[in-house]
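> Questions regarding the structure given below will be posed in turn.
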Amino acid sequence: MKLIYLVFLLLVLNSCTSKNAKQLMGHALANAAQTEVKYTPGECQTLRQQCVQGDFQEWQTSDKEMGCSCKKL
């Protein structure tokens, strides 16, 4: 029974880590390209309003969540 709990815990942690790792990599690449990246609808709405002199884009992540970016021009 403990083995089942351990396997379940590892699967949950792996999925969280994977998502966080993807977002961390996205932020690192965006910083190098002078681009701001956000991953929630509220943050994307704010970023859209702030991205006056930039290229704003939205997309759906592989986890079916919203992502967006503003590249400085």
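> Which whole-Hz ³J(HN,Hα) couplings does segment 40-53 yield from phi under the Karplus relation 6.51 cos²θ - 1.76 cosθ + 1.60, θ = phi - 60°, glycine and proline marked x?
Per-residue couplings from phi come out as 10, x, x, 5, 5, 5, 5, 4, 4, 5, 7, 8, 6, 10 Hz.
> Right, next: Across segment 59-64, in residue order, what do the Karplus-derived ³J(HN,Hα) couplings come to in whole Hz, using 6.51 cos²θ - 1.76 cosθ + 1.60 with θ = phi - 60° and x for Gly and Pro?
In residue order, the calculated couplings are 7, 9, 6, 5, 8, 6 Hz.
> Ignoring ligands, DNA and RNA, please state the percent of accessible area on segment 34-73 from carbon and sulfur, probe 1.4 Å.
That share works out to 46 percent.
> Still on this structure: Which far-off residues, 5 or more places away or on another chain, put their amide H under 5 Å from the one on Thr61, with H placed in the peptide plane?
Met66, Gly67
> Would you calculate the separation in nanometres between label points at Lys72 and Trp59, each defined as 7 Å from the Cα along the Cα-to-beta-carbon direction?
Distance between label points: 2.1 nm.
> Excluding Asp55 itself, what net charge comes from residues whose Cβ is under 15 Å from its Cβ, given Lys and Arg +1 and Asp and Glu -1?
That sum, taken over residues with Cβ under 15 Å, equals +2.
The values are calculated or read from the model by the stated rules, or taken from the named source; none is laboratory data. The structure presented is a predicted model; accordingly, all values stated were derived computationally and were not measured. In this analysis, Cβ positions are derived from the backbone assuming ideal geometry, glycine residues included, and neighbour counts consider all displayed protein chains. Ligands, DNA and RNA are stripped out before the accessible areas are found, and what is left, the full protein with its side chains, is counted by its heavy atoms. Shrake-Rupley method; radii C 1.70, N 1.55, O 1.52, S 1.80 Å.
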